[in-house]
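Below: the structure, in structure tokens.
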Amino acid sequence: MKSKMIFGFHAVTSRLRHEASSVEEIYVDASRQDGRMQDLLIAAKSMNVRVIQVDDQRLSNIVGTRRHQGVVAKAGELSLARNLDELLDAIEGPPLLLVLDGITDPHNLGACLRVADGAGAHAVIAPKDRAVGLNATAAKVASGAAETVPYITVTNLARTLRELKERDIWLIGTSDEAEKNLYQADFSGPAAIVMGSEGEGMRRLTRETCDMLVSIPMFGSVESLNVSVASGVTLFEARRQRMVKP
């Protein structure tokens, strides 16, 4: 089983909580003795996960950043659905998906995964090329959501969108130029919310494949929202509609 490094308290504790058997070992900063670290050590011990005490610099060298919070875990890949057909066949009720067209910032990807988890989205879908992968930074920002929300990468996004349409999943793209806003759209049925990349927005073919485009009404001086914030606003509107639908 292929291993990867995850870091930060949220990411590591979430992995222990959801699939401790996949954690091979945990490296911790030997100088950190606070309550949060003690709780992590107790959890690791109760799950028979090996803990290795090292210094801060060793942790930084392992993950390539100093923002590790003193904890890094070596873990195997999760058994989440990584295939679109497998995912869709297992969903009960109307699917709610988030599609990211070319997100290149791992912080934005991590935040999108976090809001997708919070809104109960069934998966996040993204192209393999011209987009950031689910690296350690994205997993840390996701605060555990990378362990619970399937992140499915596809070779051809436009073809994947057409396959979603063939399954009667409504494609709702977001655009500042859309005539309708998201409060005028119906998210209560099977839906995939499509977000464009930072700065560039959706690519032309992605935009043309969508069934409809909606905007997020802006009432202040800024023209647009960060992609993760926009994802959260739209996903939670979809969740609100599903909660009130009789």
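Table: residues versus (1) part of a strand (DSSP E or B); (2) among the aromatic types (Phe, Trp, Tyr); (3) at pLDDT below 90; (4) more than 30 Å from GLY189 (Cβ to Cβ).
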{"site": "ILE6", "(1), (2), (3), (4)": "yes, no, yes, yes"}
{"site": "ARG15", "(1), (2), (3), (4)": "no, no, yes, yes"}
{"site": "ALA20", "(1), (2), (3), (4)": "no, no, yes, yes"}
{"site": "TYR27", "(1), (2), (3), (4)": "yes, yes, no, yes"}
{"site": "LEU40", "(1), (2), (3), (4)": "no, no, no, yes"}
{"site": "LYS45", "(1), (2), (3), (4)": "no, no, no, yes"}
{"site": "ARG58", "(1), (2), (3), (4)": "no, no, no, yes"}
{"site": "ASN61", "(1), (2), (3), (4)": "no, no, no, yes"}
{"site": "ALA73", "(1), (2), (3), (4)": "yes, no, no, yes"}
Could you run through the stretch 148-173 and say how many residues are open to solvent by 30 Å² or more (accessible area, probe 1.4 Å) and over 20 Å from SER14 (Cα atoms)?
-> 11
Residue by residue through the stretch 80-96, note down the ones that are surrounded by 14 or more Cβ atoms within 10 Å (Cβ to Cβ) and more than 14 Å from PRO127 (Cβ to Cβ).
-> LEU80, ALA81, ARG82, LEU87, LEU88, ILE91, PRO94, PRO95, LEU96
Within the stretch 103-119, track down each residue that is open to solvent by 10 Å² or more (accessible area, probe 1.4 Å) and under 22 Å from CYS210 (Cβ atoms).
-> THR104, ASN108, VAL115
Only one of (1) crowded, with 21+ Cβ neighbours inside 10 Å; (2) farther than 26 Å from GLU92 by Cβ; (3) modelled with pLDDT of 95 or more is not met by GLY196, so which one is it?
-> (3)
Those residues that are under 21 Å from PHE7 (Cβ atoms) and acidic (Asp, Glu), I need them from the stretch 94-122; list them, please.
-> ASP105, ASP117
Of the residues in the stretch 203-231 that are closer than 25 Å to GLY110 by Cβ and out of contact with any Leu (no Cβ under 9 Å at 6 or more places or on another chain), the one that is surrounded by the most Cβ atoms within 10 Å (Cβ to Cβ) is ALA230
Extreme residue, modelled with the lowest pLDDT, among residues of the stretch 135-147 that are outside any helix (DSSP H, G or I) and either open to solvent by less than 40 Å² (accessible area, probe 1.4 Å) or more than 18 Å from GLU77 (Cα to Cα) (or both) = GLY144
Is the stretch 216-238 home to any residue that is out of contact with any Pro (no Cβ under 7 Å at 6 or more places or on another chain), touching a residue at least 60 places away in the same chain (Cβ under 8 Å) and over 14 Å from LEU100 (Cα atoms)?
-> yes
From (1) of a type outside the set (Lys, Arg); (2) part of a loop (DSSP other than H, G, I, E, B); (3) open to solvent by less than 60 Å² (accessible area, probe 1.4 Å), pick out the condition that doesn't hold for ASP176.
-> (3)
Hey, can you tell me all the residues within the stretch 123-134 that are small (Gly, Ala, Ser) and either touching a Lys or Arg at 6+ places or on another chain (Cβ under 7 Å) or at pLDDT below 90 (or both)?
-> ALA131, GLY133
Inside the stretch 28-73, can you point out the residues that are of a type in the set (Lys, Arg) and farther than 20 Å from SER3 by Cα?
-> ARG32, ARG36, LYS45, ARG66, ARG67
Residues satisfying the stated conditions in the stretch 81-108, i.e. of a type in the set (A, V, I, L, M, F, W, C) and at pLDDT below 95 | ALA81, LEU84, LEU87, LEU88, ALA90, ILE91, ILE103
Can you find even one residue in the stretch 121-133 that is acidic (Asp, Glu), surrounded by fewer than 23 Cβ atoms within 10 Å (Cβ to Cβ) and in contact with an Asp or Glu (Cβ under 8 Å, 6 or more places away or on another chain)?
-> no
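The values are calculated or read from the model by the stated rules, or taken from the named source; none is laboratory data. Remember, predicted model here, so these are calculated numbers, not experimental data. All Cβ positions, glycine included, derive from the backbone under ideal geometry; neighbour counts span all protein chains shown. Heads up: the accessible areas ignore ligands, DNA and RNA and are worked out on the full protein's heavy atoms, side chains in. Shrake-Rupley method; radii C 1.70, N 1.55, O 1.52, S 1.80 Å.
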